[in-house]
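Okay, structure first, notes after.
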Amino acid sequence: MALARTWSVGLVGVHGAMVEVEVDLAPGVPTVVLVGLPDAVVRQSIDRVRAAVVNVGHAFPLRRVTIGLSPAAMPKQGSGFDLALAVAVLAGTRVVPADRVRDLVLLGELGLDGGVRAVRGVLPAVLAAARAGHGRVVVPRDNADEAALVEGIEVLAAGSLAQVVAHLAGRTPIPGHIRSAAPAAPPGPDLADVVGQAVGRRAVEVAAAGGHHLFLSGPPGAGKTMLAERLPGLLPPLDERSSLEVTAIASIAGTLPPGAPLVTRPTFEAPHHSASTVALVGGGSGQIRPGALCRAHLGVLFLDEAPEFPRAVLDTLRQPLERGEVTIHRASGSATFPCRAQLVLAANPCPCASAAGDAACTCSPLERRRYQSRLSGPLLDRIDLRVQLPAVTRAAWLDGLAPPESTAVVAQRVRAARSAAASRLAGTGLAVNSQVPGRLLRERWPVPRSALALAERALERGALSVRGFDRVLRVAWTLADLAGTPSPRADHVAEALGMRLQRAAA
């Protein structure tokens, strides 16, 4: 009997879990038994491993081969175990020394010719290996830059199973991979392209400074999509920890840009209105994947033509937006993904969306109400800024009344406002005003009652809910940070209240 061990990594949400791969070769009828809750993809790996081993010039053992994946109670999914299974089998047949693979972590899918192919989730997998104390990891060549983001672990980039075997046998060592310099990110769309729309530009600036959700309503051509697309450019670059979080999600989702292993800028997701709940939030019948909301973590989720989304799909956003994470349960297990994204909704005022304005609208008042009621009250109550955009005037479009500010100019004000908020929130674990709980906001940083007069009257007459009152306070603090004042004034509260109630008044 021959026994060999090596390591690989399984994925649970955005976290990796170490998986020990054990291979036992015993006399008996030639067969392969795979145990440890493998899914269909892992079970099919036996045929890929057998073909790869033979095609690189080695014999697959004609014995009873038992392969165990531990911990046995954790479901194993995906093709990333192929390389570890092949190396463990070859270690069992003494093609490679068993002691050289005992602490080695191997990730990668095998082609039938023995080539090592890229897989998803390499970054969280290597992070898990580093936390478990492993010093070396073998990954596909196309995933090497991503794996090298993790410090304190040696990354070996493999192009084929034969190359891995030659390295382990001591014939041709694989040098440690050094991550190449990432290319500079191309510049995003500039806010200077948006003509007119002072109200919309102000709302986008406030949203960026305080991390607030935003709802834009207006006729076609008013600039709703242009404003939303330029919001990520106003947000500050991601710090190292945030970059790793966002990159891990992109790696698992398979959306990591080629040649750019580290995501350093806030992401922008804009799913079509035909998206399902699984596409928007996450899920799947096999391995649980992050949806658009999770892929927009620390970035922007833009839902254009928001009333065209099924109402039940939109309402699934309510709890994740409050908690900043979503837990997806399936019969095979559960997975938790972070989703602290800024939500931006855009909508036309009515179903016909006439570009000529209300004069050419063919919708009845009942049709308008039905169309607008597709966005539920509880969802809208979680959106801090609601802005009604007018049509762009001829003077703004053709005469060029004043050159609009660029993204770089507005981003400087956003950075200053965020810095002021970070100084005030130091020690709370919070970064932006939109994250501050209402009770903490009222008790620790009270606003003078004289400045709150308008908001209190709106609360009394039912125009504001208690949650809406707290959200007005958060926006007022953001406006104060943009203005450089130590606390909100009455005009800041009034502007915040106007941005909250503008849609209802329109």
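Since every read-out is calculated from the coordinates, none of them should be taken as a lab result. Bear in mind the structure is a predicted one, so any value in this text is a computation, not a measurement. All Cβ positions, even for glycine, are placed from backbone atoms using ideal geometry, and neighbour counts span all protein chains on display.
For segment 225-297 versus segment 439-504, the inter-centroid distance based on Cα atoms is 31 Å.
Modelled this way, with points 7 Å down the Cα-to-C-beta line, the labels at D381 and A270 are 3.1 nm from one another. Here the calculated FRET efficiency for D315 and A431, from their Cβ-Cβ distance with R0 = 30 Å, stands at 0.65, rounded to the nearest 0.05. Taking the average, over residues, of other Cβ atoms within 10 Å as the packing measure, peptides 121-129, 7-15 rank 121-129, 7-15 from highest down.
V35 to L62: extension gain in nm, 0.36 nm per residue of separation minus the Cα-Cα distance?
7.8 nm
Phi angles across segment 36-43 convert, under the Karplus curve 6.51 cos²θ - 1.76 cosθ + 1.60 with θ = phi - 60°, into 3J(HN,Hα) values of x, 6, x, 8, 4, 5, 5, 5 Hz, Gly and Pro given as x.
From helices alone, the chain scores -11000 deg cm²/dmol at 222 nm; the rule is -39500 (n - 2.57) for each run of n ≥ 4 DSSP H residues, then divide by the residue total. The angle between the Cα long axis of helix 407-424 and the main principal axis of the chain comes to about 80°, on a 0 to 90 degree scale.
With K and R counted +1 and D and E -1, the other residues having a Cβ less than 13 Å from that of V139 yield a net charge of -1.
Given R₀ = 45 Å, what would the calculated FRET efficiency be for S364 paired with R467, taking r from the Cβ atoms and rounding to 0.05?
0.90
Computed on the chain, the Cα convex hull volume stands at 170 Å³ per residue.
Take every DSSP beta bridge whose two residues both sit in the chain; close to 50 percent of them are antiparallel. What angle, in degrees between 0 and 90 and rounded to the nearest 10, separates the Cα long axis of helix 122-131 from the longest principal axis of the Cα atoms of the chain? Here the helix axis deviates by roughly 70 degrees.
Compared with the alpha-carbon gap, the fully stretched path from T336 to A184 is longer by 51.6 nm at 0.36 nm per residue. Relative to the longest principal axis of the Cα atoms of the chain, the long axis of helix 490-505 lies at roughly 80 degrees.
Convert 25 °C to kelvin, take the viscosity as 0.890 mPa s, use the Kirkwood radius over C-alpha pairs of segment 2-168 as Rh, and evaluate the Stokes-Einstein diffusion coefficient in µm²/s, rounded to a whole number.
Stokes-Einstein gives a translational diffusion coefficient of 160 µm²/s.
Expressed to the nearest 5 percent, the antiparallel share of DSSP beta bridges inside segment 2-168 is 60 percent. Net charge in the neighbourhood of L69 (other residues with Cβ under 15 Å of its Cβ; Lys, Arg +1, Asp, Glu -1) is -2.
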